[in-house]
1. Condition first: surrounded by fewer than 23 Cβ atoms within 10 Å (Cβ to Cβ) and within 17 Å of A2 (Cβ to Cβ). Now tell me which residues in the stretch 38-54 satisfy that.
2. Would you be able to say whether some residue in the stretch 10-19 is at pLDDT 95 or above and within 13 Å of the ligand (Cβ to nearest atom)?
3. Out of the residues in the stretch 56-86 that are among the β-branched types (V, I, T) and closer than 10 Å to P45 by Cβ, state the one that is surrounded by the most Cβ atoms within 10 Å (Cβ to Cβ).
4. Which residue out of I43, I80 is touching a strand residue (DSSP E or B) at 6+ places or on another chain (Cβ under 6 Å) and at pLDDT 95 or above?
5. Being within 16 Å of the ligand (Cβ to nearest atom) and part of a strand (DSSP E or B), is that true of even one residue in the stretch 92-103?
Amino acid sequence: MADWIRVCTTADCPLGEGREFVIADRVVAIFHLAEGFFALEGICPHQGGPLGRGCLQGCRVTCPWHGWQFDVRDGQHGSIASLVQPGWPVRVEGEEVWVQLQE
Ligand code: FES
């Protein structure tokens with residue numbers, strides 16, 4: 001069972017935006033939707049772009065390098081059904097955002 005790791009505060013990632021954090025040698029993209037916070041592996045599977053710095057529209061983030069899109073809730077690629085970006089469970093305790101990083 002992986003440990004829960006504190007990533008940021010809720011204020012660090014405003015509603016409707018994403019942020020990139022490096023935690024335990026992993027690049028973690030945190031996204032803040034009205035329904036909660038979500039975490040994806042932050043390195044785009046196309047050519048390594050920073051998903052946490054992409055544009056978030058609704059539940060979909062667009063990689064800033066070449067425009068691949070992912071649903072931040074489950075990592076599903078916007079047009080390639082077989083491609084799912086890994087993500088991790090998130091919980092919010094008070095004003096702190098925690099992620100359960102798994103291999
Ligand atoms: S690196 Fe993300 S779309 Fe190319």
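The values are calculated or read from the model by the stated rules, or taken from the named source; none is laboratory data. Computed from a prediction, not measured in an experiment: that's the story for all the values here. So basically every Cβ, Gly included, is an ideal-geometry build from the backbone, and we count neighbours across all protein chains shown.
1. Scanning the stretch 38-54 gives a single hit, E41.
2. The first filter runs over the stretch 10-19 and keeps only residues at pLDDT 95 or above, leaving 10-19.
Checking the rest, the ones that are also within 13 Å of the ligand (Cβ to nearest atom) come to none.
Scanning the stretch 10-19 turns up no residue that is at pLDDT 95 or above and within 13 Å of the ligand (Cβ to nearest atom).
3. It comes out as V84.
4. I43
5. Filtering the stretch 92-103 down to residues within 16 Å of the ligand (Cβ to nearest atom) leaves none.
No, the stretch 92-103 contains no residue that is within 16 Å of the ligand (Cβ to nearest atom) and part of a strand (DSSP E or B).
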